[in-house]
Amino acid sequence: MGCGVSKSNQFHKHAVKAIRAAVLIQQWYRQYVARMEMRRRYTWHIFQSIEYSGEQAQIKLYNFLGYLMDNFTPSSNERNLISHIFRENEVCRDAEWERYFCYQNIEVPEIYSGPQLCFPLHVEQVVCMVEAFRNKKQLHSRYVLQLLLETWRLLRKLPNISRISTCHSKEITICGDLHGQLEDLLLIFYKNGTPSLEKPYVFNGDFVDRGKDSMEILLILFAFLLVYPTEVHLNRGNHEDHIINLRYGFTKEVLTKYKMHGKRILKLLQKIFSWLPLATVIDQKVLVLHGGISDCTDLGVLAKADRHTYVSALRPPKKKKKQQSSTGASIDSDVDDDLANHRLFQRRASFTCPKPLVARDGFPNRSLQDFSDRIKVNVEDELTDCQQREKESQASLESVASDNAKEEWKQILDLLWSDPMSQDGCIPNELRGGGCYWGPDVTEDFLAKHNMQLIVRSHECKQDGYEFCHNRKVLTLFSASNYYDVGSNRGAYVKLGPDLVPYLVQYQASSMTRELTARQSVGQTERSALKVLREQLFSHKSDLICAFKSFDCGNTGLVSMTDWVTAVESVMRLGLPWRMLRSQLVISKRGDGLIDYQQWFNELAIKGANADHIDQCLLETLYRHRSTLETIFRIIDTDNSGFISPSDFRQTWKLLSAYLKMEITDEAISELAVAIDSNRDGAIDIDEFMEAFRLTDKKSRLERGRSMFMVTTTDLTALDQDEHV
């Protein structure tokens, strides 16, 4: 008996130890998961904040250029430099455009080994084209123009809102943003099958930009649309906009891949984008649109809108009188070299008699001092002429500024740019700079008004590829996996049957990602995000030092952690958890808890351009506004050659300095031009210029002349171990 009791006690002790060990392991694991989730969230926050900041900057730039168009005389060089991007409002008959886009004079050489198309298309040809794109082959420009022209003709016949049913196919597949990532589209087709009579698809916008294969994605989707016009449905996204394409890579991609006929291809794509349907309704119960809704969204208004007039949804279309040619046909300035002289004269007073700015009150409403010496107008005469023309054209101006026209434009802008929020109400989307945030109450009212049960939208990258909100009545769907970096997010698509219950499918397009552990995946994404953030901080060095000095009254070079956090957020305005990020960004630790901010900039380990002879503040401006500067370059590069002249280079900087409200001397501009034009050929290469002022992170061990996608799992494992020794 005694021995039995002893064994029982011993067993009890072992059991207690085992339970305690299990509890400790469980606590450790929970803490580990919590830390990983915290790292994942702030990494995501970094990427998303910088992305939305870029979108906001692009909208501000476009509004600023629109301001110049409305307030500068047409005789000014500055207005002429940017006028071509606003020509979407000029009228031209479809027959004239089709002659401009004619492909028949383009010969396909015998050595061409890519896919060949003949029309009407058959599915076998499309499958062959998809396989050719998988093997990195390129479609000849003749076939590109022919396919795009056929697509344009078809889209002009479609309504603004497509209405489809599950009763025939039993199941409809919906895909979100693809953003030029062909690997994701091919994986979707592999897992789910290609479009067919039995397999209808809805692609919910943002097919282009950021990724390197936007053109191939468009050609695949358009080809399937031509073969299966009732089974393939394409909604417009906010990136189906030539103004956005200037910043985010699609314009550059087309001009790189199609050097000879790229300009015509881009112009035809502008037409196609403007004719893409705005939304799709499934079984009268599910609304599929790209961005979202607002408290004034009305499907009846959207169904009647002239969608093709919104070549860029960022700017309301302006109705203009048709200018007749000698044959009686309307003329577009991309088809004919010049407009009639009296049309130019009608615009002369726009600077001296400016129209009120709508939705641009955040931009300079002044004459730009940099250009004032070039504007030669007689104010009194111009004002008299302006008032007379205002009276003569009062009827047309009232039509353009009518409440109905403004409401239609606002609804389209909301549809393409809006995001949901958790609280009730509807407020402007200041983070992106366009559209609105709408709450659960707006969703409830909209669904009740239109007798619907679900909104499927895209527009936002989600870590799991999808996210429900508003009591599961709004589904966000994002189909571009590894969007910010390898391992940053999954992609997803959704299948809807007759019961309209969403069946979601997730995936990772990169095989490398599937080989990583959770710790390696989070670690790699975190390193990439911190690298981008360090570059952003370094490019604001002067402003940050001024902010630090406002707290450092004794000029000691030291600030407290609280003051460091306050100063960094006041300058960066990214809404990031800086207190949490401090341990990742500030390496040296003092015993008193203070931060040496001068030493901190050295610890950021950012290497700038080798241009010591150029003013440091000017270089920081370059770093901060690199994308904006490249966008202006591409606007001024009217012949899409990739080169601009020194005089246009100076005008570029005049525009940028006026936009940023900063002073830049002609001497500084000349020094920049000389530094870039190294071969002294009299022209400046845009790509070389942007590369010359690229920031590099010396701390990043992944950036050694090879892409992040070429790093092996073994490399990452070794790096992960090194960082935790």
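The values are calculated or read from the model by the stated rules, or taken from the named source; none is laboratory data. The shown structure was predicted, so the numbers you read here are calculated from the model rather than taken from an experiment. When we count neighbours, we look across all protein chains shown, and the Cβ atoms used for this are built from the backbone with ideal geometry, even at glycine. The protein model used for the area step is the full one, side chains on, heavy atoms only, and it has no ligands, DNA or RNA in it. Shrake-Rupley method; radii C 1.70, N 1.55, O 1.52, S 1.80 Å.
For beta carbons closer than 8 Å, sequence separation of 6+ or different chains, a first residue in region 443-462 that is within 18 Å of VAL494 (Cα to Cα) and a second that is of a type in the set (Val, Ile, Thr) and assigned to a helix (DSSP H, G or I), the qualifying pairs are ILE455/THR443. Scan region 483-502 for residues that are outside any loop (DSSP other than H, G, I, E, B) and either of a type outside the set (Gly, Ala, Ser) or more than 22 Å from HIS459 (Cβ to Cβ) (or both) and the total you get is 4. The set of residues from region 553-566 being free of Cβ contacts under 8 Å to residues at least 24 places away in the same chain and either under 20 Å from THR621 (Cβ atoms) or not small (Gly, Ala, Ser) (or both) comprises CYS553, ASN555, THR556, THR562, ASP563, VAL565, THR566. Selection over region 141-165 of residues that are of a type in the set (Ser, Thr, Tyr) and buried (at least 20 other Cβ atoms within 10 Å of the Cβ) gives a count of 2.
Per the conditions (1) among the aromatic types (Phe, Trp, Tyr); (2) closer than 29 Å to ASP485 by Cα; (3) touching a helix residue (DSSP H, G or I) at 6+ places or on another chain (Cβ under 6 Å), the sole criterion not satisfied by TYR597 is (2).
Conditions tested, residue by residue: (1) out of contact with any Pro (no Cβ under 6 Å at 6 or more places or on another chain); (2) surrounded by fewer than 21 Cβ atoms within 10 Å (Cβ to Cβ); (3) assigned to a helix (DSSP H, G or I).
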position: LEU537; (1), (2), (3): yes, yes, yes
position: LEU544; (1), (2), (3): yes, no, yes
position: LYS549; (1), (2), (3): yes, yes, yes
position: ASN555; (1), (2), (3): yes, yes, no
position: THR566; (1), (2), (3): yes, yes, yes
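Could you list all residues from region 410-425 that are surrounded by 11 or more Cβ atoms within 10 Å (Cβ to Cβ) and either more than 23 Å from the chain's Cα centre (by Cα) or modelled with pLDDT under 90 (or both)?
ASP424, GLY425
Counting only helices (runs of 4 or more DSSP H) that sit completely within region 238-296, those holding 2 or more residues that are under 24 Å from GLU408 (Cα atoms) correspond to 242-248, 262-275. The numbered conditions (1) open to solvent by 40 Å² or more (accessible area, probe 1.4 Å); (2) modelled with pLDDT of 75 or more; (3) within 31 Å of the chain's Cα centre (by Cα) are all true for GLU107 except (3). Looking only at region 176-215, residues that are closer than 26 Å to LEU145 by Cα and not in a loop (DSSP other than H, G, I, E, B) come to 13 in all.
Within region 216-227, work out how many residues are more than 19 Å from the chain's Cα centre (by Cα) and either part of a strand (DSSP E or B) or in contact (Cβ under 8 Å) with a residue 40 or more places away in the chain (or both). Selection size over region 216-227: 8. Only residues that are open to solvent by 80 Å² or more (accessible area, probe 1.4 Å), out of contact with any Pro (no Cβ under 6 Å at 6 or more places or on another chain) and part of a helix (DSSP H, G or I) were counted across region 110-140, and they come to 3.
The set of residues in region 436-464 being open to solvent by less than 20 Å² (accessible area, probe 1.4 Å) and part of a helix (DSSP H, G or I) consists of VAL442, THR443, PHE446, LEU447.
For every residue, the table says whether it meets (1) closer than 30 Å to THR476 by Cα; (2) free of Cβ contacts under 8 Å to residues at least 60 places away in the same chain; (3) open to solvent by 20 Å² or more (accessible area, probe 1.4 Å).
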site	(1), (2), (3)
LYS252	yes, no, yes
LYS257	no, no, yes
HIS261	no, no, yes
LEU266	yes, no, yes
GLN270	yes, no, yes
LEU276	yes, no, no
VAL281	yes, no, no
HIS290	yes, no, no
